[in-house]
Amino acid sequence: MQETFDLDSNPHTRLNILTGEWILVSPHRTKRPWQGKVEEVSADNRPEYDEKCYLCPGNSRADGDQNPDYKASFVFKNDFGALLEETPLASFNEADLLVANNQKGICKVISFTPKHNLTLPEMTLPEITAVVELWQKEFNSLAENEWIKYIQIFENKGDIMGCSNPHPHGQIWAQSDIPLEIAKESERQKAYYAVHKESLLSAYLKLELKKQERILFRK
Ligand SMILES: [Zn+2]
């Protein structure tokens, strides 16, 4: 048995406290020379309004709907949503070998601003506040549907991420099941609380604030 343990140089497995899974970490590998692909920051010459963009005010979208001449943020149901509200809640099972459940959901798109050439951090504080208030409003109204068990608000950004439009926008997914990773994280947080009588994430935040190793910004 080894007496010393060095997180910075010993290959080790590390517990993901939210999922309970052990992840292999090889810190010594970061010292190897890198000659692979390096992404370049592409020059951004977007105009404030793009007549071909399906999110800019007044433009037509792929399904023929026309965007209003909006002045702040604007939300609509995704014309090509990954989840559909009209899906019946049905199951399929053949010999316990081919098994599937329908997944019902609502996917929405939020345009953060009418200006095609901005990104969220370039907007003014009141404009960003309006986006956050819209997130809250959408979350609360979706949560009123009894069949919705999980709501995720997120942003896919950049070409490499597969983002299909450079206009500043995000998405909301609401669905009829709790996704596997979220279910695992809830179980782990419940188990931690049962032992420590403190929430896992607040205890973890306290530890990180004490260690000061991974804190990038603190207000
Ligand atoms: Zn646009």
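The values are calculated or read from the model by the stated rules, or taken from the named source; none is laboratory data. Everything numeric in this text was worked out from a predicted model, so none of it was measured. Virtual Cβ from ideal backbone geometry, glycine too; neighbours counted across all protein chains shown. These area figures cover heavy atoms from the full protein model, side chains too; ligands, DNA and RNA do not enter into them. Shrake-Rupley method; radii C 1.70, N 1.55, O 1.52, S 1.80 Å.
Looking at region 160-193 only, could you name the residues that are outside any loop (DSSP other than H, G, I, E, B), among the hydroxyl-bearing types (Ser, Thr, Tyr) and surrounded by 14 or more Cβ atoms within 10 Å (Cβ to Cβ)?
Scanning region 160-193 gives a single hit, Tyr192.
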Open item on the list: If the requirement is being out of contact with any strand residue (DSSP E or B) (no Cβ under 8 Å at 6 or more places or on another chain), surrounded by 13 or more Cβ atoms within 10 Å (Cβ to Cβ), part of a loop (DSSP other than H, G, I, E, B) and at negative phi, which of these qualifies: Lys219, Lys157?
Closed with: Lys157
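Out of the strands (runs of 3 or more DSSP E) lying entirely within region 1-82, which hold 1 or more residues that are among the polar types (S, T, N, Q) and either within 14 Å of the ligand (Cβ to nearest atom) or out of contact with any helix residue (DSSP H, G or I) (no Cβ under 9 Å at 6 or more places or on another chain) (or both)? Step through it out loud before you land on a result.
Numbers: elements: 12-16, 21-25, 74-77.
So the answer is 12-16.
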- [ ] Could you list all residues from region 76-95 that are hydrophobic (A, V, I, L, M, F, W, C), under 30 Å from Pro57 (Cβ atoms) and open to solvent by 60 Å² or more (accessible area, probe 1.4 Å)?
- [x] Phe80, Ala82, Leu84
TODO: Test each condition in (1) within 27 Å of Pro179 (Cβ to Cβ); (2) in contact with a Ser or Thr (Cβ under 6 Å, 6 or more places away or on another chain); (3) within 16 Å of the ligand (Cβ to nearest atom); (4) open to solvent by 80 Å² or more (accessible area, probe 1.4 Å) for Phe112 and report the one that comes out false.
DONE: (4)
